[in-house]
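Asks: Below are the structure tokens for one structure; questions will follow.
The values are calculated or read from the model by the stated rules, or taken from the named source; none is laboratory data. Here the structure is a predicted model, which is why all the values come from computation and not from measurement. Cβ coordinates were reconstructed from backbone atoms using ideal geometry, including for glycine residues, and neighbour counts include every protein chain displayed. To get the accessible areas, we keep the full protein, side chains included, count just its heavy atoms, and leave off ligands, DNA and RNA. Shrake-Rupley method; radii C 1.70, N 1.55, O 1.52, S 1.80 Å.
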Amino acid sequence: MSSNKWSLAGLAAVVAALIAVSVVGAAPQRPFPVTLKAANGFVTIDKRPVRIVSLSPTATETLFAIGAGAQVVAVDDQSNYPASAPMTKLSGYRPNAEAVAAYQPDLVVTSSSANNLIPALEKLHIPVLLEPSAKSIGDAYVQMRQLGFATGHDAEARKVVSQMKTKIDAAVAATPKAKTVSVFHELSPDFYSATSKTFIGRVYALFGVGNIADAADKTGSGYPQLSAEYVIASNPSLIVLADTKCCGQTAASVKSRPGWSSIRAVQQGNIVPASDDVTSRWGPRIVDFVRVVAAAVRRAER
């Protein structure tokens, strides 16, 4: 009888926690312990974490944006924003559980479960939140709310999400729906791109932009590799370069590619350099990406 009461009470706590993190405008931060559902299942955090390790650049940006930066003791080698983030040699792509545990974290946030990271940390009784790449802006909002709830900053997270929604809605409202604009979003100089099914592609969809990568995604990965011939034949009216930092691509380098002078985007000067980081992360700087796309669409429609 007693065990049944405890299990029902536990279930009620889990349900309440899930409601709190999934609904914007929910009740104020619940006292710890808290339980929430991340991509790796139900995770219980016994007390407000003060030694957080982030292995996700997106999570790092979010943690600092919601006021949890002071609780972060280490971030991975790709977490370059904000500048005050305590960057280390930890890898988010090939995470090493032993190296992570050396920081004595009371919470680890990661976007990948590679190298058996999560089971290894769970054996050490270290709570882990798996927050993989968002598929939509709505998914990104949910992750931000989860991080707020997990760190004791639910009110701040709700405020960040609310402000983002307002800014994004304003950018979309100020930009007439594209009628003739098609985009080639370049992830790398070997012509990898992102389709409308990806988080990146959904930002373009906000403005009614056609995506030339969609028809080329035969495997459904969301990130097909195109060819120069395919891009030229597709004749996009907008080219967005998300490989400026990694690979030094510029409008000038695109113009110099053989055969590309016939593309509408090149002829009309609609080649837009964008930060690799901003376009690939699903954190608070989504707003910056949306504004870049909005401005590019307005120019391309003229």
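Asks: Looking at PRO119 and the list (1) in contact (Cβ under 8 Å) with a residue 60 or more places away in the chain; (2) not in a loop (DSSP other than H, G, I, E, B), which single condition is not satisfied?
Replies: Against the list (1) in contact (Cβ under 8 Å) with a residue 60 or more places away in the chain; (2) not in a loop (DSSP other than H, G, I, E, B), PRO119 comes up short only on (1).
Asks: Name the one entry in THR110, THR88, THR62, THR44 that is at pLDDT 90 or above and exposed (fewer than 15 other Cβ atoms within 10 Å of the Cβ). Outline the logic, then answer.
Replies: Numbers: THR110 fails: exposed (fewer than 15 other Cβ atoms within 10 Å of the Cβ); THR88 fails: exposed (fewer than 15 other Cβ atoms within 10 Å of the Cβ); THR62 fails: exposed (fewer than 15 other Cβ atoms within 10 Å of the Cβ).
Only one candidate qualifies: THR44.
Asks: Another one. For the range 188-204, give me each residue that is closer than 24 Å to ARG257 by Cβ and touching a Ser or Thr at 6+ places or on another chain (Cβ under 6 Å).
Replies: Of everything in the range 188-204, just one residue is closer than 24 Å to ARG257 by Cβ and touching a Ser or Thr at 6+ places or on another chain (Cβ under 6 Å), namely GLY201.
Asks: Does the range 5-26 contain at least one residue that is under 23 Å from the mean Cα position of the chain (by Cα) and modelled with pLDDT of 95 or more?
Replies: No: zero hits.
Asks: In addition: Go through the range 181-231 and give me each residue that's under 25 Å from ALA295 (Cβ atoms), in a helix (DSSP H, G or I) and not aromatic (Phe, Trp, Tyr).
Replies: Listed by number, the residues that qualify are ILE200, GLY201, ARG202, VAL203, ALA205, ASP214, VAL231.
Asks: When residues of the range 91-101 are filtered for being open to solvent by less than 100 Å² (accessible area, probe 1.4 Å) and over 15 Å from THR58 (Cα atoms), how many remain?
Replies: Filtering the range 91-101 down to residues open to solvent by less than 100 Å² (accessible area, probe 1.4 Å) leaves 91-92, 95-97, 99-101.
Restricting the remaining residues to those that are over 15 Å from THR58 (Cα atoms) gives 95-97, 99-101.
Residues flagged as open to solvent by less than 100 Å² (accessible area, probe 1.4 Å) and over 15 Å from THR58 (Cα atoms) within the range 91-101 amount to 6.
Asks: So which of LEU147, LEU129 ends up being within 15 Å of THR60 (Cα to Cα), part of a strand (DSSP E or B) and in contact (Cβ under 8 Å) with a residue 40 or more places away in the chain? Spell out the reasoning first.
Replies: Working: LEU147 fails: part of a strand (DSSP E or B).
Of LEU147, LEU129, the one residue that is within 15 Å of THR60 (Cα to Cα), part of a strand (DSSP E or B) and in contact (Cβ under 8 Å) with a residue 40 or more places away in the chain is LEU129.
Asks: Starting from the range 246-264, keep only residues that are among the small types (Gly, Ala, Ser), then list their pairs with residues that are outside any helix (DSSP H, G or I) whose Cβ atoms are within a distance under 6 Å, requiring at least 6 positions of separation or different chains.
Replies: So the pair list comes out as ALA251/ILE271.
Asks: Then there is this: Exactly one of these conditions fails for LYS177: (1) under 21 Å from ARG302 (Cβ atoms); (2) part of a loop (DSSP other than H, G, I, E, B); (3) open to solvent by 10 Å² or more (accessible area, probe 1.4 Å); (4) in contact (Cβ under 8 Å) with a residue 40 or more places away in the chain. Give me its number.
Replies: (4)
Asks: Quick one: count up the residues across the range 134-174 that are among the hydroxyl-bearing types (Ser, Thr, Tyr) and surrounded by fewer than 19 Cβ atoms within 10 Å (Cβ to Cβ).
Replies: Residues flagged as among the hydroxyl-bearing types (Ser, Thr, Tyr) and surrounded by fewer than 19 Cβ atoms within 10 Å (Cβ to Cβ) within the range 134-174 amount to 3.
Asks: Scan (1) touching a helix residue (DSSP H, G or I) at 6+ places or on another chain (Cβ under 9 Å); (2) of a type outside the set (Lys, Arg); (3) crowded, with 19+ Cβ neighbours inside 10 Å; (4) farther than 23 Å from GLY138 by Cα for the single condition SER193 breaks and write down its number.
Replies: That leaves (4) as the condition not met.
Asks: Which residues, taken from the range 260-285, are over 30 Å from ALA65 (Cα atoms) and open to solvent by less than 40 Å² (accessible area, probe 1.4 Å)? Talk me through it step by step, then tell me what you get.
Replies: Within the range 260-285, the first condition is being over 30 Å from ALA65 (Cα atoms), and the residues that meet it are 260-271.
Selection gives TRP260, ILE263, ALA265, VAL266, ASN270, ILE271.
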